[in-house]
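Each reported figure results from applying straightforward, stated rules to the coordinates on display, with no laboratory input. Just so we're clear, the structure is a prediction, and the values are computed from it rather than from any experiment. Cβ sites come from the backbone with ideal geometry, for glycine too, and all protein chains shown count toward neighbours.
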Amino acid sequence: MRKLTLLILLLCCFFGAFAQQTQTVEMADVMRSSGKIYVVIAVIAIIFAGIAIYLFSIDRRLKRIEKEK
Amino acid sequence: MKLMGQTIHLLKKEILLEWRSKYAFNGVLLYIVSTVFVCYISFNLNPGFKGSNGYPIVWNILFWIIMLFASVNAIAKSFLQENKGRLLYYYTIASPQAIILSKTIYNALLMGLLSVLALVVYMLFFTNTVNDLLYYFMIVLLGSLSFSTVFTMISAIASKAGNNGTLMAILSFPVIIPVILLLIKLSKAAMDGLDRSLSYSNIGILAAINVIVVASSLLLFPYLWRD
Amino acid sequence: MKFIYQTWWKVIAVLLVLSTLITGLLFDVPRLPIIHETIRNLYFHVPMWMGMLTVFVVSVFYSVKYLQTGKEEHDLAAVECVNTGLVFYTLGLLTGMLWAKYTWGEFWSGDPKQNSAAIAFLLYCAYLVLRNSIDEEQKRAKISAIYNIFAFPVMVVLIFVLPRMTDSLHPGSGGNPAFGKYDLDNGMKLAFYPAMLGWSFIALWIATLRYRIRLIENKKNAI
C-alpha cells in the first residue's frame, strides 16, 4: 500500500513538472489549432459525459429498487 | 366591488394596528438608522475614500443593499407575525385575494414611507450630489413598491413552510435580483442626471415585473391559503 | 399520460440528434473571425438551454395541474422535471464556459447572460431547499408547486429579457444581435432546428424515466 502511494505521489510530481513545461504560450495550444474545432469536440464530449454520468445515477437508483423487490 | 371593499377594510385594520403599536415602523426605522450609522463609521476609517472616483457608485449601491435587508426584515413580519387563530378568522370573513392585496398595499405604504425617511437619513450622513433629486425619490418609491409586492408573496410562502427567516432570504433573493439590478441602473441614471426619457424602458420592465408578480400572487395565494 | 410510455417520439428524438451530430459537423458554416469553427457549438450548446426550458415549462404545467387536482403524481412529475432541467442547465453552463474561454478569453467573464444564468440556478436550488424544509407531504407538494409557478416568470425575465437590454458579449444581447439575425443561413437552420427539437425530446425522455422510477418508489413507500 505504501509503495503504491509513493508511486502515485511520484507520478503526481512528474505530471506537475510536465505541466510546467507545456504551460508557455497560451495562444497556440491544441484547442486553438485548426479553426478551434477541438473546442467543438470538447463541448460534445462534455455533453456526452454529463448525460452518461446522469444515466449511471439513474441506473443506480433503479438497481436499489430492484433489490428491494 | 366586494373585493375592493374588503381590501380597504383590511387595509384600514392593518394601519390601525400598526398605529397603535408602531412596532414595525419604529423597529425598521431603528434598523435602517443603525445600519447607516455603522456604514458611516466604517467608511470614516478610510479618510481618502470620500474624494475617490468610486464614491458615488458605492453610495448608490450601498443604499439599495441597506434597503434590501431592511425590507426583507420589515415584510417578513407581515405573515410570520400573525398567529394561526387570527389567520383563520380572516379566512372566514374575507376572500384570500383581499387579504394578499391589503397586505401588499399596506407593505408598499409602509416601505414607501420608510424608504423616503431612510434616504433622508442616508443623505444626512453620506453627502453626495444627486443631480435629479426628484427622480431619485420617485425611483426609491418605485423600488419600495416592487420590494413589497415580491416580498409579501414570498413571506406568505415562507410562513406556510415553517416560519423561519433563513428560508425567506433563500426564496426571495433570487427573485429580487432582477428588480434590484434594474433599480440600481435607474437610480444611477438619476444620480448622474441623465435625461429621463433614456430610462423609460427600464421603468417599463420594472412595472411589467410588478404586474406579473402581483397577478401571480393573486392567482396563487388562494391555493396557498387553503389547508 | 400514455404519451410517456410510447416509443415513437423517443426514436424521433434519437434520429434528430444523430442527424445533427453529422450535419452539425459536416455542413458548411459561415466563416467568422475569432469564432472560427466553434460556431458549430451552436448546434450543441444552445439546445441544452432549449432542453432545460422545455422540462421547466413541463414542470410548471404539472405544478398548475397539481394545484387544480391535488394528485400526487403531478407533483412528482414537476420535481423530476426540475431535477432533469438542472442537469441540462449544468451542461449548458459548462459548454458555454468552455466556448467562452476560447472566444472571449475567460471561463467566467462576468457577462450579464452568465450572471443571469447563475441567478436562475439559485432560484431552482431554492425550490429544492424549500421542498426539503417541509416534512408533511401534501403541504410540501402544494407550497413547492406555488413557488415553482411564482419563480418561472422571474426566470424567463432573468435569462431571456434582461441580458438583451444590457451590453454583453453573448449573441442576442444589447446591440449584439443573435446569430439568427445575420449569419444563421439556411444551411445552418437545417441543422439547428432539428437539434433544438431533438434535445428537447431527449430532456423530456430522461425526465419521464426519472418520473417512472419515482412513481415506483412512491408506491413502495406507501405500502
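How would you rank B:143-155, B:25-37, highest first, on the average number of other Cβ atoms within 10 Å across their residues?
On the way: B:143-155: 25.9, B:25-37: 16.2.
For the peptides B:143-155, B:25-37, the packing ranking is B:143-155, B:25-37.
Run the dipole for the range C:7-218 about the Cα centre, Lys and Arg Cβ at +1, Asp and Glu Cβ at -1, nothing else charged, and hand back the magnitude in debye, nearest 20. It would help to have the intermediate numbers written out before the result.
Numbers: 17 positive and 15 negative charges, 48 e Å.
Value, rounded to 20: 220 debye.
By count of other Cβ within 10 Å, fewest leading, how are C:Leu128, C:Leu25 ordered?
Values: C:Leu128 14, C:Leu25 17.
Least to most surrounded, the residues fall as C:Leu128, C:Leu25.
In µm²/s, what is D for the protein assembly as shown at 20 °C and 1.002 mPa s, where D = kT/(6 pi eta Rh) by Stokes-Einstein and Rh is the Kirkwood radius from Cα pairs? Please report the intermediate quantities before stating the final value.
Working: Rh = 26.2 Å.
Taking Rh from Cα pairs, D becomes 82 µm²/s.
In deg cm²/dmol and to the nearest 500, what is the mean residue ellipticity at 222 nm of chain B if only DSSP H runs of at least 4 residues count, each as -39500 (n - 2.57), divided by the residue total?
-29500 deg cm²/dmol
If you rank B:Ser71, B:Ser78 by fewest surrounding Cβ atoms within 10 Å, what's the result? Spell out each step's value before the answer.
On the way: B:Ser71 27, B:Ser78 21.
With the sparsest Cβ surroundings first, the list reads B:Ser78, B:Ser71.
Calculated FRET efficiency, B:Ala215 and C:Val57, Cβ-Cβ r, R0 22 Å, to nearest 0.05? Please list the in-between numbers first.
Working: r = 18 Å, r/R0 = 0.83.
Efficiency at R0 = 22 Å is approximately 0.75.
Counting other Cβ atoms within 10 Å, keep those with at most 14, restrict to DSSP loop, and tell me which trypsin sites (Lys or Arg not before Pro) in the range C:26-95 are left. Walk me through the numbers before you get to the answer.
Working: sites: C:Arg31, C:Arg40, C:Lys65, C:Lys71; in loops: C:Arg31, C:Lys71.
Qualifying residues, ordered by number: C:Arg31, C:Lys71.
Using the Cα centre as the reference, give the magnitude of the dipole from point charges on the C-beta atoms of the range B:2-225 (Lys, Arg: +1; Asp, Glu: -1; all else neutral), rounded to the nearest 20 debye. Mind dumping the intermediate values first?
Details: 14 positive and 6 negative charges, 118 e Å.
Here the range B:2-225 has a charge dipole of around 560 debye.
Using 32 Å as the Cα-Cα cut-off, could you pick out the over-long pairs in B:Lys103/C:Lys220; C:Lys142/C:Lys220; B:Lys22/B:Lys84; B:Lys2/B:Lys22; B:Lys160/C:Lys2?
Values: B:Lys103/C:Lys220 43 Å; C:Lys142/C:Lys220 22 Å; B:Lys22/B:Lys84 22 Å; B:Lys2/B:Lys22 29 Å; B:Lys160/C:Lys2 35 Å.
Beyond 32 Å between Cα atoms: B:Lys103/C:Lys220; B:Lys160/C:Lys2.
Ranking B:Met138, B:Met67 by Cβ neighbours within 10 Å, fewest first, what do you get? Before the final figure, lay out the partial values.
Working: B:Met138 16, B:Met67 24.
By the 10 Å Cβ count, ascending, the order reads B:Met138, B:Met67.
Taking a threshold of 26 Å on the Cα-Cα distance, which of the pairs B:Lys50/C:Lys101; B:Lys50/B:Lys188; B:Lys12/B:Lys77 fall above it?
Working: B:Lys50/C:Lys101 38 Å; B:Lys50/B:Lys188 18 Å; B:Lys12/B:Lys77 18 Å.
As for pairs spanning more than 26 Å Cα to Cα, those are B:Lys50/C:Lys101.
Does anyone have the angle between helix B:2-21 and the longest principal axis of chain B? Alpha-carbon axes, 0 to 90°, nearest 10?
Rounded to the nearest ten degrees, it is 60.
Ignoring everything except DSSP H segments at least 4 long, calculate the 222 nm mean residue ellipticity for chain C; use -39,500 (n - 2.57) per segment, divide by total residues, nearest 500. Mind dumping the intermediate values first?
Numbers: 8 runs with 162 residues, N = 223.
When only DSSP H runs of four or more count, the value is -25000 deg cm²/dmol.
Given +1 on the Cβ of Lys and Arg, -1 on the Cβ of Asp and Glu, and no further charges, what dipole in debye does the protein assembly as shown carry about its Cα centre, rounded to the nearest 20? Can you show the working numbers first?
On the way: 45 positive and 27 negative charges, 291 e Å.
About 1400 debye.
Would you be so kind as to identify which of C:Tyr66, B:Leu117, B:Ala189 lies farthest towards the positive end of the dipole of the protein assembly as shown, taking Lys and Arg as +1 and Asp and Glu as -1 on Cβ and the Cα centre as origin?
Value: C:Tyr66.
Which FRET efficiency value, to the nearest 0.05, do you get for B:Leu45 and B:Asn131 by plugging their Cβ-Cβ distance into 1/(1 + (r/R0)^6) with R0 = 41 Å? Don't skip to the answer; put the middle values down first.
Values: r = 29 Å, r/R0 = 0.70.
My answer for the efficiency is 0.90.
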